[in-house]
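Take a look at the structure below.
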Amino acid sequence: MARIAVWLRILLIAVAVTTSGFCLPVHAADELTTGQDEPADFDAWEKTAIRAEQSLSDAKASDAAFEQLRADLVVWRAKLQKAEQQNASRIATLEGQIAALGPPPTDGETEDEELAARRAELQKQYQDLIAPVRIANEALARANGMISDLDTLLRERQRSQLLQRGPSPLNPMNLRKGIGDLAGLARVLVNETTSAMNLRSERVLLRQNLPVIGVLVFLAVLFLWRGRLWFERAAQWMINRGRGSERGIVGAMLMSLGQVVVPFIGVFLLTAALLATSMFGARGVELVQLIPSMGLSVFLARWLGGQTFPYDSNWPSMFDLTFKERRRGRFYFMALGILFALFLVVQNLSKLFILEHATEVILRIPLVLLSAICLWGLSGLLISHADKSLVPSGATEEGARPTGRDETVPVSAERSFIDGVYHLIGRAGRIFAIAGPVVAMLGYSQAGIYLTLSPALSLALLALINFLQRLSTRLFNLFLPSSRDGDSLWPVLFNVLIVLSAVPLLAVIWGVRQADLAEIWLKLQDGVELGGTKVSLSAAFSLLVIFLIGYSVTKLLQGVMRTSILPRTRLDPGAQSAVNSGVGYLGISIAGLVAVSVAGLNLSSLAFVAGALSVGVGFGLQNIVSNFVSGLILLMERPVSEGDWVEVGGVMGTVRKISVRATTVETFDRTDVIVPNSDFITSQVTNWTRGNLTGRLILTVGVAYGSDTRKVAEILQEIAEAHPLVIVNPPPLIVFQGFGDNSLDFEMRVILRDINFGLGTRTELNHRIAERFAEAGIEIPFPQRDIWVRNAEALRPRPGVAAPAGITATAPVAPDSMPELPASGDAVANLSPEDET
């Protein structure tokens, strides 16, 4: 028990001595939490308002005093807003009661005494309740005006400080003054520490706390020395064990956070040990309490550098860089973390001590120069990554380039959008890296800090966003298998939410005051007027949540109906699909209406605008509306259903899906054709399988002249009746169609049980006809032509004249002995066009 008590004492001391610099004072926290619950004291408010107006008129108070005054006004504004809503329900009830009594009598009219007395009583109650509300309204408008004036004044001061010109660091005299001022600052800190050590009470307290201090120092050194190495090895073990799997990479990325948490705990314990010595003065304590923030800056920068530019090529990264480039990137990030920690020290020294302007410049100029160097290097790495996506001058014929990772990446002729953004950020970073030192050398040291540290911190924030997006994407791939193919929308929405969450941090980095961000947040919560309708952030969130709940319930109901309810009914599959789709449309509509109602949005004021827009939308989207209405008609009347064999607009195939706008028809070539629904309503549609699957098949058969027509009809009748798919009632019909040019034409007309097998049945019947005709000796003719040649003697070559092209010269033949030309066209097959005439 004694050992447990010692450890509890160590923990309590560590927490007590370190949280004093990071937590709000107790009275400030009480004011923020309980001040809004107190009733508004208008006399006290009047005193605060007069003091605020006097301070604004003088404009001589410090920035800290104005910030405190603004905080007081914000608390009063909350109280006045609550007073504005006081007795709102009772006031609404009284207004309804007064309205129920009717309009008051006009001049010359009289009113019943009892009714008049009741009206006077209600009016008195109403005036008693509405008076404080109106006073609160006036006070609230006054508070908002003063808060706005304070924000304007503070922003103007911030701008003036940024553009204020001080001593130039190039002047040797300023350097001498700065060094002397720093020496005096060091003497003050040493004197405070010496004075504390000379106090007997402090020495006694130090001896009492020595065991606790020893344990804290031991733990701090252990966590700082070995903590980061433990988690690096653990993350690498998970990568190697998972062999590149999503589970292993996600575990390693989460484990890497320990590289920041454990060393920060070590710095936290070290700070507790230093404060437990009680050997520091008031300003020394302020500087010691700054150590955790400095350590967090360094550890976070080192971790971000390792995640963005990993040492191991197997670690997930979005940048295509060589090993040396990644090593430079880690160095730049680490250096920026150290520089930001030093910037915190310089900033606090300026608050704790009265320093000369030359001293502040001497302290800031090294930070500006070194930050510019790191910013230039990181920007160059972004440009290098973006340029590697282009075709290099030495690209191979295969169009690939090495990446330094034992693999090749195909190159393209233009950058992707993300690479283009990286290239633009890199160019902008280099511009800031040049502008910052130049401005600082001219005496604008504050502007130099702003132009170098702000872009550098923006790159750090970009690296953090990159890590969170990669982690969220892999978490979705791990727990949501449907997102692995890149088709899921949820990872994209979550990544967008990460970017939106980083916008306030980016605004603070570039100098936006936290009070301004809080004011924007309050305005979003209060709502924005749009056409007489007040839309607030809470209302939009409620609308989204209620709609998503309704949408999920609708999808769940559709699933239950599709799998459990509709299959047990007598509806055909097409009707089941139509009912299920109707339930979906109805459920989504109800979800939208309920969401709007719960969110409290009044859309009546938008009715006129919606009516005006509907006319233009009606003309612009009339085809879409026509297809939508046609889709509803198809779902209700069901002239076609899923699975039907239809022919519409020259397209023949099977209906696969009927949606609101169009219908998908799969042709017999296995291609999907999207047919607008209006075509099924306004044009002629042939549904081969509507109602039943029976259908007629017609085959045309020709036989040679001289064949026995009775026998031909008998054979065709036997073939038709013998086929299993041909129904016998009505019986097959054999028609002697007539006398063709080359054949005697017959038609076989049969009714099939299932028209979907029409092609196979036609093929089988043709085979049987050919077989039976061959057995019966019936000839199936082919087209023939008889050709008669006039002036055949002209084809005989004359003596002494060369034979025409294609005619072989022979000995003269007497006209009467010239052989007869055949009836076919072979006699003139080799004649040229000129000779044929």
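How many nm separate the modelled label positions at Asp669 and Ile179, each set 7 Å beyond the Cα in the direction of the Cβ?
8.8 nm
Could you name the lysines whose alpha carbon sits less than 29 Å from that of Lys82, not counting residues in the same chain fewer than 8 places away?
Output for Lys82: Lys47, Lys124, Lys523, Lys534.
Between Leu254 and Leu548, what is the label-to-label distance in nm when each label sits 7 Å out along the Cα-to-Cβ direction?
Output for this residue pair reads 2.1 nm.
Taking the alpha-carbon set of segment 216-360, what are its Rg and Dmax in Å?
Both quantities, over Cα of segment 216-360: 18.4, 59 Å.
Report D for segment 56-192 in µm² per second (integer): Stokes-Einstein, Kirkwood Rh on Cα pairs, 10 °C, 1.306 mPa s.
75 µm²/s
Mind jotting down a quarter of the surface of the convex hull over the alpha carbons of segment 90-168, in square nanometres, one decimal?
8.7 nm²
Normalise the Cα radius of gyration of segment 721-798 by 2.2 N^0.38 Å (N = residues in it) and let me know the number.
1.81
Any idea what Rg and Dmax come out to for segment 435-480 if you just take the C-alpha atoms, in Å?
That works out to 17.8, 56 Å for Rg and Dmax.
Along Cα→Cβ, 7 Å out, is where each label goes; now give me the distance between the ones at Val438 and Arg90 in nm to one decimal.
6.9 nm
Leaving ligands, DNA and RNA out of it, work out the accessible area of Phe782 with a 1.4 Å probe and give it in Å² to the nearest 10.
So the heavy atoms of Phe782 present about 130 Å² to solvent.
Can you work out the Karplus-derived ³J(HN,Hα) for every residue in segment 584-591? Use 6.51 cos²θ - 1.76 cosθ + 1.60 with θ = phi - 60°, whole Hz, and x for glycine or proline.
So the J values, rounded to whole Hz, are x, 5, 5, x, 5, 5, 5, 4.
Say R0 is 22 Å: what FRET efficiency, to the nearest 0.05, do Ser564 and Asn687 get from their beta-carbon distance?
That gives a FRET efficiency of 0.15.
What is the Cα centroid distance between segment 724-797 and segment 212-249, reported in whole angstrom?
What the calculation gives is 88 Å, centre to centre.
Between Asn171 and Asp58, what FRET efficiency comes out of the Förster formula 1/(1 + (r/R0)^6) with R0 = 41 Å and r the beta carbon distance, rounded to 0.05?
0.70
Using alpha-carbon positions, what is the distance between the centroids of segment 89-130 and segment 344-369, in Å?
Between the Cα centres of segment 89-130 and segment 344-369 lies a distance of 69 Å.
Could you pull out every one of the lysines with an alpha carbon less than 29 Å from that of Lys657, ignoring same-chain neighbours closer than 8 positions?
Partners within reach: Lys555.
Grab the alpha carbons of segment 288-377, take their convex hull, and tell me the volume per residue in Å³.
So the per-residue hull volume is 89 Å³.
Compare the peptides 490-499, 438-447, 230-239 by average per-residue count of other Cβ atoms within 10 angstrom and give them in order, highest first.
Ranking the peptides 490-499, 438-447, 230-239 by packing returns 438-447, 230-239, 490-499.
Counting pairs of alpha carbon atoms under 8 Å apart in space and at least six apart in sequence, what relative contact order in percent does segment 47-142 give?
The normalised contact order for segment 47-142 reaches 41 percent.
The values are calculated or read from the model by the stated rules, or taken from the named source; none is laboratory data. Quick caveat, the model's predicted, so the values are computed rather than measured. Glycine gets a Cβ as well: all are built from the backbone with ideal geometry, and neighbour counts include every protein chain shown. All accessible areas refer to the heavy atoms of the entire protein, side chains included, with ligands and DNA or RNA removed. Shrake-Rupley method; radii C 1.70, N 1.55, O 1.52, S 1.80 Å.
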